[in-house]
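Asker: Sending over a structure as structure tokens; questions will come in a sec.
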Amino acid sequence: MRHVAVIIETSTEYGRNLIRGIARFGRLHDWQIHFEYRGKTAGEPEWLEDFEGDGVITSSPDQRFSRKLAKRGIPVIDLQATVSDDKGEHLFIDSNHRAVGRLAAEHFIGKGHRHFAFLGYSDHNVSLEREIGFTEALAARGHKPLSHHTPERKDRTYESMYRGNEAFIASLPKPCALFCAWDEVAFRAVQTAIEQGISVPEDLAVLGVDNDPVFSSTSRIPLSSIDPDIGRMGFLTATWLGEMMAGKRPKEIQLERLVPPKGLVVRQSTALDAIEDPVVRRFLELLRRQQPGLLTIEDLARDCHVSRRLLEQRVKVATGKTPRQWLSQTLVEAIQRFLTQTDFTLAHIADQLGFGHAERLSHLFRRQTGITPGEFRKSHSK
């Protein structure tokens, strides 16, 4: 049995996924993993000073104990460092951050966007690498994104972060596609946009990275996010350590070094195609923000300050669907969310969505989907 110390923060989805990947490798190779709950800025624990194990994986900013262990000949992988050989090749595992940026650009271009922006940090290599990938992919298609970086760490305050983001987001053209270096940044961007009366995703599509369920579920608008496959990164990091514990030097290890992103999880913050027509953007915003069961096409046209006929023409041209089709789709999707995410009765769901009666809700749902609400809930229950 090998004894391995894993000194990785557990406060984020990134850290927890790293640990999961390491643990998966450890179970296959009879490792006893030593770790504890810890924050992002915590130093290495005191027990590591006297660790008599076989290897260490650390991401702690304070590595006074692991450095001493490395001098004693115990293999140590430092996830804080970007270790490269003289040719610039990675010697340890890392995410392919430029590929993450390229995937973001491809997603937004596929949605028909023509205006792009990036929000990240000026003093963080991961943020800079993701921005490079994003910018290069857009440049290849003839686009140049606007960008804003929060102050460097020594000058960073809560006030400076939010004020800078506010001015930048307010200045963006509409509609605009905003790629954020992390879900945390995307969460703040959505919050800032809503406070300024900017509709997400109609006026501002927002995309993050890490697929962190805390930020996605807490955000007023559920966040689309790129999954960088950190679990695989953890598994491969453990594989590297296994090779080092077997006596190999990093340059001798023939393993994958840059992990490509797993994919993109589309949620509401980027769900719509880019629409230039402000009337149509307003129409879609009204559908999202109001009780759909109370809406009529006449009400929507009035609130968009156009006639019903003009609304129908412009929505059809911009989206390929009629306002009536959009309204029916919105109603069905709202009903489906309640059926899958709550145990509310049909009568209560009907009341929440503005239907007069549960019978009307059931009739519309069955007409649109071919099944009853009860059948849908049963098929999607765990």
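Asker: Mind checking the full-extension length gain between LYS174 and THR41? Use 0.36 nm per residue of separation minus the Cα-Cα distance, one decimal, nm.
Answerer: Working it through step by step, the gained length comes to 44.1 nm.
Asker: Continuing with the same structure: Counting other C-beta atoms within 10 Å, and keeping those with at most 16, which DSSP coil GluC sites (Glu not before Pro) do you find in the range 160-263?
Answerer: GLU256
Asker: What are the residues whose amide H is under 5 Å from the amide H of LYS111, where those residues sit 5 or more places off or on another chain and H is modelled from the backbone?
Answerer: Amide H to amide H, under 5 Å and 5 or more residues apart or across chains, LYS111 pairs with nothing.
Asker: OK, next. If you put +1 on each Lys and Arg Cβ and -1 on each Asp and Glu Cβ, how big is the dipole of the range 1-51 around its Cα centre, in Debye rounded to 20?
Answerer: 380 debye
Asker: Could you compute the net charge surrounding ILE194? Neighbours are other residues with a C-beta less than 14 Å from the C-beta of ILE194; K and R count +1, D and E count -1.
Answerer: -1
Asker: Right, something else. Scanning the chain for chymotrypsin sites (Phe, Trp or Tyr not before Pro) in DSSP loops with at most 14 other Cβ atoms within 10 Å, what's the longest stretch left with none? Please list the in-between numbers first.
Answerer: Values: sites that count: TYR37, PHE344.
Longest gap between qualifying sites, sites excluded: 38-343.
Asker: Over the Cα atoms of the range 275-328, what radius of gyration and what Dmax do you get, in Å?
Answerer: Rg and Dmax of the range 275-328, Cα atoms, are 9.7, 27 Å.
Asker: With a cap of 16 neighbouring Cβ atoms within 10 Å, and only residues DSSP puts in a loop, list the GluC sites (Glu not before Pro) found in the range 265-314.
Answerer: Within the range 265-314, the qualifying GluC sites (Glu not before Pro) (loop, at most 16 other Cβ atoms within 10 Å) are GLU276.
Asker: Of all beta bridges DSSP finds with both residues in the range 158-276, what is the antiparallel percent, to the nearest 5?
Answerer: Here the share of antiparallel DSSP bridges comes out near 30 percent.
Asker: With Cβ to Cβ distances under 10 Å as the rule, what net charge do the other residues near MET1 carry (K, R +1; D, E -1)?
Answerer: Result for the local shell: -1.
Asker: Taking the Cα atoms of the range 93-147 alone, what are Rg (to one decimal) and Dmax (as a whole number) in Å?
Answerer: That works out to 10.8, 35 Å for Rg and Dmax.
Asker: So, with a 1.4 angstrom probe, what is the percent of accessible area on the chain that is carbon and sulfur? All intermediate terms of the calculation are to be shown ahead of the outcome.
Answerer: Details: 9430 of 18950 Å².
In the chain, the share of accessible area belonging to carbon and sulfur is 50 percent.
Asker: Using the crude model of +1 on Lys and Arg Cβ and -1 on Asp and Glu Cβ, and no other charge, please compute the dipole size for the range 269-310 relative to its Cα centre, in debye to 20. The partial results should precede the final answer.
Answerer: Working: 7 positive and 7 negative charges, 22 e Å.
Value, rounded to 20: 100 debye.
Asker: Less than 20 Å from a label point 7 Å out along the Cα-to-Cβ axis of ARG309: which backbone N atoms in the range 322-340 qualify, by residue?
Answerer: 322-325
Asker: I need the calculated FRET efficiency for the pair ARG360 and SER217, taking r as the beta carbon distance and R₀ as 22 Å, to the nearest 0.05.
Answerer: Step by step, r from the Cβ atoms, then E = 0.15.
Asker: Could you tell me which of rounded, prolate or oblate describes the chain, using a ≥ b ≥ c as the square roots of the eigenvalues of the alpha-carbon gyration tensor, with rounded for a/c under 1.5 and, failing that, prolate when a/b is larger than b/c and oblate otherwise?
Answerer: Note, shape of the chain comes out prolate.
Asker: Which percent, to the nearest 5, of DSSP beta bridges fully inside the chain are antiparallel?
Answerer: The antiparallel proportion sits near 10 percent.
Asker: Could you tell me the relative contact order of the chain? Use alpha-carbon pairs under 8 Å, at least six residues apart, and round to a whole percent. Could the numbers behind the result be given before it?
Answerer: Working: 640 pairs, mean separation 55.5, N = 382.
About 15 percent, as a whole number.
Asker: A further question on this structure: Let's see if you can work this out: charge +1 on each Lys and Arg Cβ, -1 on each Asp and Glu Cβ, no other charges. What is the dipole magnitude of the chain about its Cα centre, in debye to the nearest 20?
Answerer: Charge dipole of the chain: 1180 debye, to the nearest 20.
Asker: Defining a contact as two alpha carbons under 8 Å apart and six or more residues distant in sequence, what relative contact order in percent does the range 218-308 show?
Answerer: Normalised by residue count, the contact order of the range 218-308 is 34 percent.
Asker: Something else: Under 14 Å from the Cβ of VAL306, count the other residues' Cβ atoms, weight Lys and Arg +1, Asp and Glu -1, and hand me the total.
Answerer: Neighbour charge sum, excluding VAL306 itself: +2.
Asker: Now a separate question. As a check on your grasp of the helix formula, calculate [θ] at 222 nm for the chain: sum -39500 (n - 2.57) over DSSP H runs of n ≥ 4, divide by the residue count, round to the nearest 500. Could the numbers behind the result be given before it?
Answerer: Values: 15 runs with 179 residues, N = 382.
About -14500 deg cm²/dmol.
Asker: Sticking with this structure for a sec: Could you point to the residue in PRO75, ALA42, ILE297 farthest towards the positive end of the chain's charge dipole, with +1 and -1 charges on the Cβ of Lys/Arg and Asp/Glu respectively?
Answerer: Value: ILE297.
Asker: Give the relative contact order (percent, whole number) for the range 267-382; include only Cα pairs under 8 Å separated by 6+ residues. Before the final figure, lay out each step's value.
Answerer: Numbers: 87 pairs, mean separation 26.8, N = 116.
Across the range 267-382, relative contact order equals 23 percent.
Asker: In whole Hz, with x marking every Gly and Pro, tabulate ³J(HN,Hα) for the range 359-375 from phi via Karplus 6.51 cos²θ - 1.76 cosθ + 1.60, θ = phi - 60°.
Answerer: 4, 5, 4, 4, 5, 5, 5, 5, 4, 7, 10, x, 9, 7, x, x, 5
Asker: Related question: Is the range 251-382 best put as rounded, prolate or oblate by its Cα gyration tensor, with a ≥ b ≥ c the root eigenvalues, rounded for a/c under 1.5, and otherwise prolate when a/b is larger than b/c, oblate when not?
Answerer: Numbers: a/c = 2.96, a/b = 1.33, b/c = 2.22.
Oblate, since a/c reaches 1.5 and b/c is not below a/b.
Asker: Using 1/(1 + (r/R0)^6) with R0 = 22 angstrom and r between the beta carbons of GLN32 and ARG72, what's the FRET efficiency to the nearest 0.05?
Answerer: On the way: r = 19 Å, r/R0 = 0.87.
My answer for the efficiency is 0.70.
Asker: Give me the accessible area per residue for the chain, probe 1.4 Å, as a whole number in Å².
Answerer: Accessible area per residue, the chain: 50 Å².
The values are calculated or read from the model by the stated rules, or taken from the named source; none is laboratory data. What you see is a predicted model; the values in this text were computed from it and never measured. No Cβ is skipped: glycine too gets one built from the backbone with ideal geometry, and neighbour counts run over all protein chains shown. Keep in mind that these areas ignore ligands, DNA and RNA; they rest on the heavy atoms of the full protein, side chains included. Shrake-Rupley method; radii C 1.70, N 1.55, O 1.52, S 1.80 Å.
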